[in-house]
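> Following this message is one structure expressed as structure tokens.
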Amino acid sequence: MTLNPDFDALEVISQDRKHVWHHLTQHKAHEKSDPLVIVKGDGMRVWDATGKEHLDAVSGAVWTVNVGYGRTEIADAVRDQLVEMNYFAQAVGNVPAAKFAARLVEKMPGMSRVYFSNSGSEANEKGFKIVRQIAQRKYGGEKYKILFRERDYHGTTITTLSASGQEERKGQYGPFTPGFVEVPHCLEYRSQWGEVDDYGLRAANEIERVILEEGPETIGALCLEPITAGGGVIEPPAGYWERVQEICQQYNILLHIDEVVCGVGRTGKWFGYQHYGIKPDIVTMAKGVASGYAAISCTVTTEAVFNDFKDDPNDPMSYFRDISTFGGCTAGPAAAMANMDIIERENLLENVTVQGEYLKGRLHELMAKYAIIGDVRGKGLFVGFELVLDRETKEPAPESMAVAIAAHCMKNGVIIGRTNRSIPGLNNTICLSPALIATQEDIDAIVSAIDNALADVTA
Ligand SMILES: Cc1ncc(COP(=O)(O)O)c(C=O)c1O
């Protein structure tokens, strides 16, 4: 692979070291070591400024580059759109936004309106504002509370953190926005109630318990990830979603599904919730919508939710008084349409299902070999495994072990992920989310790197 000769690698690394403040990074380490600077991507692979090749098993580290790197067709679509019309505030329409919205809701039966913004956090904030305004307009302000689940994450702003169930992400950023209430997680492997016959039902009934404690008349919405991502790759067990849906209907609570990670193919369907027959009222998405080729997020609602915002045209406060400046950038929906074309043309949903099963099978082989793997979980190309010191007691392995495994893979040219600064004492899950284009050979290479790392770290 030829790297762009237009930059001086040492200079770039030094500029980065001096002036860039990286996300989620303790920078003291960079006083002694160079930061990783990625300069090129192609398919499943990226190259750093020193010329080293890496196989990316986590789609840009955070489940984002779903169709892989180097897609000139997306770049061309964005370029063509930008020279035609780059921006106008979304109070008016633009061509790619209208076309993409129509294509998107076709894939989401029951949903009909798309509100554009820029990040997963922002899309979720819009959802919360919608719920709050409906509470004010229809319920005298009473139904203002929003439930979220322990171990789920909904974003980085103070309010989306207020709605997140990950203590280490929240630590030191309080006080938080009032009106957000936590419900218990649904990870059976770490059951809060010992051995339970029907854990899915039990975990869902715990949501009802919280609703009854708080007062159903005060709860406006329940916000859940279809499969918890950064909180440890948790697929709710059988029976959970059916009961959740029932509870929402019974107590007139809007169901907001956060598809920021699962959305647009990651789990083998367009949306994670579509595996479970759920009928959401609000769906949010970001990362994979344009695979990181442009910043775009969407808050999608049913027509019923939308209609709540046009009931009284004579009331100057009656509509959704929200604006996202860059929600009017046309690059996002232009990239999102080209991204969708690729997923359809290359049958990537099918590939995700096939390769996801293969990946899980290979991880179960590793589980038979290494006692440190306590549990393998996930759906499609969204998989994780928990590291434990003892399979019987399920004592979590220390975070340093997950760090060592990831560092070993990195040294050998494979980038894997791990839960970090998430749940105290439980940052012990290794995460894998290769691009939806992953082949069996890519997966073998990823598993082989993990195998070597586990052999070394557990020796
Ligand atoms: C489930 C979920 N929701 C929301 C977000 C926030 O998205 P963003 O970082 O684009 O604001 C994330 C980010 O990782 C996420 O995993």
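Where a number appears in this text, it was derived from the coordinates with a stated rule and is not lab data. Being a predicted model, the structure only gives us computed values, none of them experimental. A quick note on method: Cβ atoms are made from the backbone with ideal geometry, for glycine too, and the neighbour counts reach across all protein chains shown.
> Restricting to Cα atoms and excluding each atom paired with itself, what does the Kirkwood estimate give for segment 339-384 in Å?
Computed over Cα pairs of segment 339-384, the Kirkwood hydrodynamic radius comes out at 11.6 Å.
> Where the centre of each part is set by its Cα atoms, how far does segment 105-154 sit from segment 374-411, in angstrom?
33 Å
> At 222 nm, what value in deg cm²/dmol follows for the chain if DSSP H runs of at least 4 each add -39500 (n - 2.57) and the sum is divided by all its residues, to the nearest 500?
The helix contribution divided over the chain gives -11000 deg cm²/dmol.
> In what sequence, highest mean first, do 252-259, 100-107 appear when ranked by Cβ atoms within 10 angstrom?
Ranked by mean Cβ neighbours within 10 Å, highest first: 252-259, 100-107.
> Can you find, among F116, A102, N427, the residue farthest towards the positive end of the dipole of the chain? Put +1 on the C-beta of Lys and Arg, -1 on that of Asp and Glu.
The residue sitting farthest along the positive end of the dipole is F116.
> Considering only DSSP beta bridges whose two residues both sit in the chain, what percent are antiparallel, to the nearest 5?
65 percent
> Moving to a separate point now. Of all beta bridges DSSP finds with both residues in segment 73-345, what is the antiparallel percent, to the nearest 5?
40 percent
> Among 119-125, 396-402, 434-440, how do they line up by average Cβ neighbours within 10 Å per residue, starting with the highest?
So the peptides 119-125, 396-402, 434-440, ranked by packing, come out 119-125, 434-440, 396-402.
> So how strong a dipole does the chain carry about its Cα centre when Lys and Arg Cβ are +1 and Asp and Glu Cβ are -1, to the nearest 20 debye? Show your work: numbers first, answer last.
Numbers: 45 positive and 62 negative charges, 125 e Å.
Using only the charged Cβ atoms, the result is roughly 600 debye.
> Right, here's the next one. Cα convex hull of the chain: mean projected area in nm², to one decimal?
Answer in nm², one decimal: 22.7.
> I've got another one for you. Using Cα-Cα distances under 8 Å and only pairs 6 or more residues apart, what relative contact order does the chain have, in percent? If you can, show how the numbers build up before the last one.
Working: 882 pairs, mean separation 92.3, N = 459.
Here the relative contact order equals 20 percent.
> Between Rg and the Kirkwood Rh of segment 22-117, both from Cα atoms, what is the Rg to Rh ratio?
Values: Rg = 18.6 Å, Rh = 17.1 Å.
We get a ratio of 1.09 for segment 22-117.
> Now for a different question. So for each of 28-34, 203-209, 61-67 I average, over its residues, the number of other beta carbons within 10 Å; can you give me the resulting order with the highest mean first?
Peptide ranking by packing, descending: 61-67, 203-209, 28-34.
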